[in-house]
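A.B. asks: Here's a structure for you.
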Amino acid sequence: MIKITFPDGSVKEYNSGISSIEIAEKISPRLAKEVYAATVNGQVVDLSRPLNSDATLVLHKWDDSEGKHAFWHSSAHLMAGALEELYPGIKFGIGPAIENGFYYDVDPGDGKAISEADLPAIEAKMKELASKNLVFTRKEVSKKEALDLFSKKGDQYKVELIGELEDGTISLYTQGSFTDLCRGPHLPSTEPIKAIKLLSVAGAYWRGNEKNRMLTRIYGITYPKQKMLDDYLVFLEEAKKRDHRRIGKELELFTFSPKVGMGLPLWMPKGAELRQNLISFMTKVLKKRGYKIVATPHIGNVDLYKTSGHYEKYGKDSFQPMLTPQEGEQFMLKPMNCPHHCEIFNATPHSYKDLPYRMAEFGTVYRYEQSGELHGLTRVRSFTQDDA
Ligand SMILES: [Zn+2]
C-alpha cells in the first residue's frame with residue numbers, strides 16, 4: 001500500500017501502481033470526469049501515470065492553470081494529428097499551450113500553404129478524431145530511437161530538438177496514428193475535448209530566428225463544453241472593439257512611423273498627456289511607499305551590462321553596441337535600468353540601517369524584438385517602465 005496526501009492534509013492508502021485518474025474515480029466518478037492533470041510530489045504529470053510510492057497529490061480541474069494547460073496542450077497534439085491526415089508529409093515544429101488556447105508551428109512543405117480558409121476543414125477533422133476518444137499513450141525512448149523515428153519521417157525540426165535533449169529524458173506521446181516528441185502532461189484521452197475552434201494563421205520563424213525558415217503558426221482553442229467556447233468567441237468580438245491599437249488611432253494617442261523605426265511608439269499630444277498623468281499618479285504611489293525617484297541616461301558602457309549579465313542575455317540578439325571616437329569604447333542602449341541604479345547605490349556609503357533602500361525610475365529601455373512579434377504597444381522595441 002502507498003500513502004497519498006491530499007492538499008487538505010488528509011491521507012489515504014491505495015494499492016501501489018494506482019494512477020491519479022483511478023484515485024479520482026474512487027473519490028467520485030464525477031471528479032474523474034472533471035480532472036485533466038495531476039501534480040505528484042510537486043511535478044505536473046499525466047493522470048494515467050502510476051504512483052508507486054508515498055506521494056502528495058493535487059488533482060487539477062479546468063480552473064487550475066495546470067488543468068487548462070494539459071487540455072490545450074493535448075488539443076495541440078490533436079490538431080497536429082488532424083494536420084498529418086489532411087496534409088501528408090507536413091512537418092512539425094513546436095506546439096505549446098498558451099494563455100488562451102494553443103498553437104502549432106508547422107511546415108506544409110515547399111509550394112504548399114495553409115490559410116485561414118483551410119481552418120474549418122482542419123477543425124472538422126479534429127472533431128472527427130476527438131470523438132474517437134483516442135488515448136494519449138506515453139513512451140520513454142532512447143535518444144537514438146527518437147532520432148531514428150523522426151529522421152525516417154523526415155521531421156527535421158523534431159530531429160533538431162531531439163539533438164539538444166539528453167538521453168534518458170525523452171518521451172513520445174501517441175494518440176491514434178500520430179506520435180509527437182513531448183514531455184507531457186496530456187489528458188488521458190481526447191474524450192473531454194468537445195468544443196473546438198481554430199482561430200487564426202500567422203507566420204513564425206523557426207525558433208524565432210529571422211534567418212530560419214518561416215513556419216505556419218495555427219492558433220486554436222478548445223473547451224470541454226460548447227457553451228464555454230461560445231462565450232469565449234463573444235468575448236473575443238468584444239475585445240476587438242476595444243483593441244488598444246484601434247482606440248489609439250481613433251483617439252490620436254500614439255502612432256508609429258517607418259521612418260523612426262518599427263516598434264518605436266511616438267506619443268501624440270493627447271497620448272503624451274495621458275502618459276504624463278499616469279507617471280504623476282504612479283510617482284505619488286511610489287513615494288508613498290518610500291521610493292526615491294532617480295533618473296539615468298539611455299545608454300551605458302557595454303562593460304556595465306557585461307557585469308550585470310544583461311549583455312549576455314540581450315547583447316547578441318538586441319541592438320548592437322555603438323562605437324565612439326575613442327578606440328575600444330562601446331556603449332549600449334539600456335535593456336534595463338537596474339545596472340544604472342546599482343551605481344547610484346554605490347555612489348554613497350550605506351549602513352544596513354538604510355535598508356531597504358528604494359529607488360524608482362520611469363526609465364525607457366530598448367530591446368530588439370523580432371519584427372513578427374511587434375504588436376501595438378504590447379510588444380515594442382522601446383518602452384518605459386516604472387523600474388523600482
Ligand atoms: Zn505534448
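A.B. asks: At 7 Å along Cα-to-Cβ for each site, give me the label-to-label distance between Ser115 and Lys144 in nm.
C.D. replies: Computed distance between label sites Ser115 and Lys144 equals 4.7 nm.
A.B. asks: Taking springs between alpha-carbon atoms closer than 10 angstrom, which of Ile18, Ile221, Ile114 fluctuates most in the Gaussian network model of the chain?
C.D. replies: In this elastic network of the chain, the residue with the biggest mean-square fluctuation among Ile18, Ile221, Ile114 is Ile18.
A.B. asks: How large is the charge dipole for the chain, taken about the Cα centre, if only the Cβ atoms of Lys, Arg (+1) and Asp, Glu (-1) carry charge, to the nearest 20 debye? Walk me through the numbers on the way to the answer.
C.D. replies: Numbers: 52 positive and 51 negative charges, 178 e Å.
Charge dipole, the chain, about its Cα centre: 860 debye, nearest 20.
A.B. asks: Can you pick out the pairs among Lys132/Lys158; Lys127/Lys225; Lys33/Lys132; Lys91/Lys225; Lys91/Lys132; Lys61/Lys227 whose Cα atoms lie more than 20 Å from each other? Walk me through the numbers before you get to the answer.
C.D. replies: Numbers: Lys132/Lys158 27 Å; Lys127/Lys225 13 Å; Lys33/Lys132 17 Å; Lys91/Lys225 31 Å; Lys91/Lys132 24 Å; Lys61/Lys227 17 Å.
Checking Cα-Cα distances, Lys132/Lys158; Lys91/Lys225; Lys91/Lys132 exceed 20 Å.
A.B. asks: Mind checking the dipole of the range 58-212: about its Cα centre, +1 per Lys or Arg Cβ, -1 per Asp or Glu Cβ, Debye to the nearest 20? Can you show the working numbers first?
C.D. replies: Working: 19 positive and 24 negative charges, 57 e Å.
Dipole size: approximately 280 debye.
A.B. asks: Could you line up His350, His310, His60 from fewest to most neighbouring Cβ atoms inside 10 Å?
C.D. replies: Values: His350 11, His310 20, His60 23.
Final ranking by Cβ density, sparse to dense: His350, His310, His60.
A.B. asks: Here is a follow-up. If R0 is 30 Å, what FRET efficiency do you get for Lys194 and Glu237 from their C-beta distance, rounded to 0.05? Don't jump to the answer; show the numbers that get you there.
C.D. replies: On the way: r = 21 Å, r/R0 = 0.72.
Efficiency, from the Cβ-Cβ distance: 0.90.
A.B. asks: What does the charge add up to near Met336, with Lys and Arg as +1, Asp and Glu as -1, over the other residues with Cβ less than 11 Å from its Cβ?
C.D. replies: On the way: positive: Lys313, Lys334, Arg367; negative: Glu361, Asp387.
Neighbourhood net charge equals +1.
A.B. asks: Using the Cα centre of the range 202-321 as the reference point, and only Cβ charges (+1 on K/R, -1 on D/E), how large is the resulting charge dipole? Debye, rounded to the nearest 20.
C.D. replies: Working: 23 positive and 12 negative charges, 59 e Å.
Roughly 280 debye for the range 202-321.
A.B. asks: Which percent, nearest 5, of DSSP beta bridges in the chain are antiparallel? Each step should come with its number before you reach the end.
C.D. replies: Details: 57 of 61 bridges.
The antiparallel fraction comes to roughly 95 percent.
Readers should treat all values here as calculations from the given coordinates under stated rules, not as data from a laboratory. Predicted, not measured: the structure shown is a model, and the values here were computed from it. Don't worry about glycine lacking a Cβ; one is built from the backbone with ideal geometry, like all the others, and counts go over all protein chains shown.
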